[in-house]
Amino acid sequence: MVSNRIRLSRRSWLAGVMAAGLAASRTGTAAIRNRPRVAAVVTEFTFRSHAHVILENFLEPYYFNGRLTDPGVELVSLYVDQFPPGDMSRQAAREYGFRIYDTIEGALCCGGERLAVDGVLSIGEHGQYPRNEREQIMYPRKEFFDRIVGVFRRSGRVVPLFNDKHFSYRFDWAAEMMATVRRMNIPFMAGSSVPLAERRPPLELAPGSRIVEAVSIHSGGLESYDFHALEVLQSMVELRAGGESGVRSVQLLEGDEAWKAAREGRWDLKLAEAAMSAGESRPIDNLEQFVEPATGRVHPAHVILIEYQDGLKATVLRIGASSTRWKFACRLEDGRVAATSFYVGPWQNRNLFKALSHAIQWHIRHGEAPYPVERTFLTTGVVIAAVESRFQGRRRLETPHLAIAYQPRDFRAFREMGASWQIITESTPEPKGINPGGPRPPGYRQ
């Protein structure tokens, strides 16, 4: 449930922050006098759900790169699709003064007839939804999108829109969403939190790098965590010479088939070991027999083999059982290997969402996504193709529809570089409720 801390009114506190000039963001944006009004459309709002770990950074100041950061926007309305036990939305609404509406249209119009907000978040993750025959959870992201866009059309204007994670579990729907965004000129941002995490050890690939092969590693579920690992992969390899050209083929292999493909040279086991060892106190090898320290077990593995239009080979490897393992390595044309891990901060993955929230807020204020939305359009297509490959008996699938080309943008200003974890440390107890954590300024009572 939400914290019952005694505090100054949020309005009074924010006025003080703005007067003191403390609300300037990492990108140098000055304190905003007219705070954009934001609506959120979510599947559920429970502890550690995506709605919680994103929206708490819209309701309270949060740490980003070591600086206490004002959200710069105002959450004014919310639509919640499901209210399971442990729902936090009602108490948060009472405490922070936003309103929960029974419909998406009501939330976007704040009870009126026309669009009444300056930005919209669509958070379609978590909740009880059916699975299809491919074992995909049928989250209503496309339905949310259609209802939101319907309000835009009736109101004769659009506002910045954020879509959490991949567009949909169906690529035809994802393509329709992208076409609508382009046709209506909607400022659109989507994707994952993980590419914004601190890199340990630090790694910056230069634009125009000549990458010949890459590996991205995770230890989570099919599709849900494959998507995050694909976003990590894409956020790195899009920097290669020529920019992004799209994907030619995708194949998912499981268990013995995955390791057999490595022995046959279809993916680089040594490169995967370099990725797995990044940020660790000792090298990790013999991945086929990797024992997860937390469980003492060897867990089933799978790989997604990706061939890009320009000849780049890439692999997403699922190994072990950890919600916080995100690794990357690539081999450059000259033979050098570059590797890093993505550190999520204390409290499992909860703090990943500070940087993502910061990026969303910038998107709403400026009407421009911090990085190309085509990245998430492409990773949406790849993860759907991987699921389809598995469904079709782990076949290699040609993917001409994924010839999605784009040029990368420098998004370092939106990444957490590690200073926040000098303030919120691994020994800091995780707070309950709406509380991004860390010390507050004088006058902000707890």
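Residues in region 274-321 that are charged (D, E, K, R) and under 25 Å from S389 (Cα atoms): 5 in all. Scanning region 51-72 for residues that are of a type in the set (A, V, I, L, M, F, W, C) and crowded, with 21+ Cβ neighbours inside 10 Å yields A51, V53, I54, L55, F58, F64.
Considering (1) buried (at least 16 other Cβ atoms within 10 Å of the Cβ); (2) closer than 28 Å to A190 by Cβ, the lone condition that A241 does not fulfil carries the number (1). With the structure loaded, tell me whether G86 is surrounded by fewer than 22 Cβ atoms within 10 Å (Cβ to Cβ), in a loop (DSSP other than H, G, I, E, B) and among the small types (G, A, S) or whether it fails that test. It is true that G86 is surrounded by fewer than 22 Cβ atoms within 10 Å (Cβ to Cβ), in a loop (DSSP other than H, G, I, E, B) and among the small types (G, A, S). In this structure, is Q234 in contact with a strand residue (DSSP E or B) (Cβ under 6 Å, 6 or more places away or on another chain), outside the structural domain of H166 (by TED's automatic domain parsing) and in contact (Cβ under 8 Å) with a residue 60 or more places away in the chain? Criteria not met by Q234.
When A355, A359, A329, A339 are checked against the criterion of being in contact with a Cys (Cβ under 9 Å, 6 or more places away or on another chain) and of a type in the set (G, A, S), a single residue qualifies: A339.
One line per residue, one yes/no per condition, for (1) among the basic types (K, R); (2) not assigned by TED's automatic domain parsing to the domain that holds S219:
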site	(1), (2)
A275	no, no
E288	no, no
R297	yes, no
A301	no, no
L317	no, no
R365	yes, yes
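When we screen F377, F414 for residues that are in contact (Cβ under 8 Å) with a residue 12 or more places away in the chain and farther than 20 Å from Y308 by Cβ, the only hit is F414.
For L108, the stated conditions hold: it is closer than 23 Å to P36 by Cα, crowded, with 22+ Cβ neighbours inside 10 Å and in contact with a strand residue (DSSP E or B) (Cβ under 6 Å, 6 or more places away or on another chain).
Would you mention how many residues in region 339-362 are surrounded by 21 or more Cβ atoms within 10 Å (Cβ to Cβ), not basic (K, R) and not in a strand (DSSP E or B)? The qualifying residues number 13.
The values are calculated or read from the model by the stated rules, or taken from the named source; none is laboratory data. Just so you know, these numbers come straight off a predicted model, no measurement behind them. Using ideal geometry, Cβ is built from the backbone for each residue, glycine included, and neighbour counts are taken over all protein chains shown.
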